[in-house]
1. Please verify whether LEU193 is outside any strand (DSSP E or B) and touching a helix residue (DSSP H, G or I) at 6+ places or on another chain (Cβ under 8 Å), treating the condition exactly as stated.
2. Quick test of your reading of the structure: SER198 fulfils all but one of (1) farther than 17 Å from THR244 by Cα; (2) surrounded by fewer than 21 Cβ atoms within 10 Å (Cβ to Cβ); (3) more than 14 Å from the ligand (Cβ to nearest atom). Name the failing condition by number.
3. Within 13 Å of the ligand (Cβ to nearest atom) and either open to solvent by less than 10 Å² (accessible area, probe 1.4 Å) or among the small types (Gly, Ala, Ser) (or both): is that true of PHE245 in this structure?
4. Among the residues of segment 220-233, which ones are out of contact with any Pro (no Cβ under 7 Å at 6 or more places or on another chain) and open to solvent by less than 10 Å² (accessible area, probe 1.4 Å)?
5. For segment 261-271, check the following and say yes or no: at least one residue is outside any strand (DSSP E or B), free of Cβ contacts under 8 Å to residues at least 40 places away in the same chain and closer than 15 Å to ARG118 by Cα.
6. Among the residues of segment 114-144, what is the count of those that are part of a helix (DSSP H, G or I), open to solvent by 10 Å² or more (accessible area, probe 1.4 Å) and within 11 Å of the ligand (Cβ to nearest atom)?
7. Taking the condition in a loop (DSSP other than H, G, I, E, B), open to solvent by 60 Å² or more (accessible area, probe 1.4 Å) and modelled with pLDDT of 95 or more, does PRO217 pass?
8. Considering only residues that are in a loop (DSSP other than H, G, I, E, B), over 17 Å from the mean Cα position of the chain (by Cα) and without any contact (Cβ under 8 Å) to a residue 60 or more places away in the chain, which ones fall in segment 16-71?
Amino acid sequence: MAKNYRAQLVGVFGCPVDENPTIAMQEAAFQAAGLNWRYLTLLVKPEDLGDAFKGLRAMNFAGINLTVPHKVEALKYVDELSEEVKLIGATNTVVNRGGRLVAYNTDGKGFVEGLRQRGVDLTGKRIVMLGAGGAARAIGVECALAGAAEIVIINRSASRGETLASLLNEKTECRASFIPWEGSAHIPPCDILINSTSVGLYPDPSCPDVVYEDIGPDMIVQDVIPNPADTLFLRRARQQGAQTFDGLSMLVCQGAIGYKLWTGQDAPVPVMLQALEKENQ
Ligand code: NDP
């Protein structure tokens with residue numbers, strides 16, 4: 001029987017220091033679905049991003065993921081922006097639709113989907129978010145679109161925090177405010193507390209400098225850090241009685257959304273989660 005040796009390619013444009021667990025997750029998904037697809041790590045320097053996009057078009061990639069520092073710059077090289085990308089101002093997933101490159105952002109959608117799968121409805125919720133970087137922007141926008149009533153942003157850099165609060169107030173129905181992060185930050189009363197800073201990402205064993213006694217048993221606490229999955233932040237939140245969710249669920253959900261955008265098929269989520277957990281061991 002004739003065999004199809006021509007694989008369909010998807011990849012991730014990362015920076016030279018990038019260590020990306022999504023490769024194992026997407027490759028496991030393609031294999032489980034019997035798709036002759038490959039997911040490649042492509043180390044792209046910032047100054048070469050335009051050329052990398054030309055290569056992507058020339059080699060007819062089905063799409064691409066983008067990691068820091070390419071998520072904003074990449075917008076210059078695509079043909080179309082999805083609604084969430086117009087709001088967030090950054091993309092992590094590009095789909096090649098017959099030669100037209102369409103930019104999406106699955107980070108915030110993955111976050112919301114991860115909570116939804118655990119029975120958490122964001123409608124009317126009061127959220128406190130630590131951080132105002134790329135992940136926080138995506139999460140803030142999608143939580144607002146999913147019906148959150150209020151988002152309080154706590155961040156070190158006032159300009160990033162104020163910009164995100166203004167974006168949410170101007171472009172969504174959600175009320176947003178900013179509190180500068182000075183010393184150990186108090187957590188205002190809320191339903192959901194999110195760490196969307198990079199504090200706690202391997203090899204950093206620390207946790208965000210907040211007053212953990214402010215966390216209570218009626219709160220849901222979510223970390224975006226996928227590695228390690230059980231961060232010190234989550235462990236300290238559990239000591240206060242809070243229900244906690246780790247960054248792996250968000251990573252799998254955003255990956256599953258990307259998989260569907262590229263292949264048109266529902267993703268084998270349990271296989272993807274298993275592959276990620278194995279990577280983290
Ligand atoms: P950015 O560099 O854009 O933002 C980093 C944020 O962390 C900023 O708000 C920064 O504050 C804050 N920060 C960094 N160090 C400290 C510190 N010591 N104390 C207080 N705040 C600090 O990164 P991203 O937003 O793109 O990524 C953040 C994290 O999210 C990463 O660890 C990444 O792995 C994770 N992530 C997880 C995903 C998942 O699916 N689970 C998806 C995407 C990202 P300031 O503005 O003051 O510098």
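1. When the stated conditions are applied, LEU193 does not pass them.
2. Unmet for SER198, out of (1) farther than 17 Å from THR244 by Cα; (2) surrounded by fewer than 21 Cβ atoms within 10 Å (Cβ to Cβ); (3) more than 14 Å from the ligand (Cβ to nearest atom): (3).
3. Here the answer is no, as PHE245 does not meet what is asked.
4. VAL221, GLN222, ASP223, ILE225, THR231
5. yes
6. Here the count works out to 3.
7. yes
8. PRO16, VAL17, GLY34, ASN36, VAL44, LYS45, MET59, ASN60, PHE61
The values are calculated or read from the model by the stated rules, or taken from the named source; none is laboratory data. In this text, all values refer to a predicted model and were calculated from it rather than measured experimentally. Neighbour counts run over all protein chains shown; Cβ positions are idealised from the backbone, glycine included. Ligands, DNA and RNA are stripped out before the accessible areas are found, and what is left, the full protein with its side chains, is counted by its heavy atoms. Shrake-Rupley method; radii C 1.70, N 1.55, O 1.52, S 1.80 Å.
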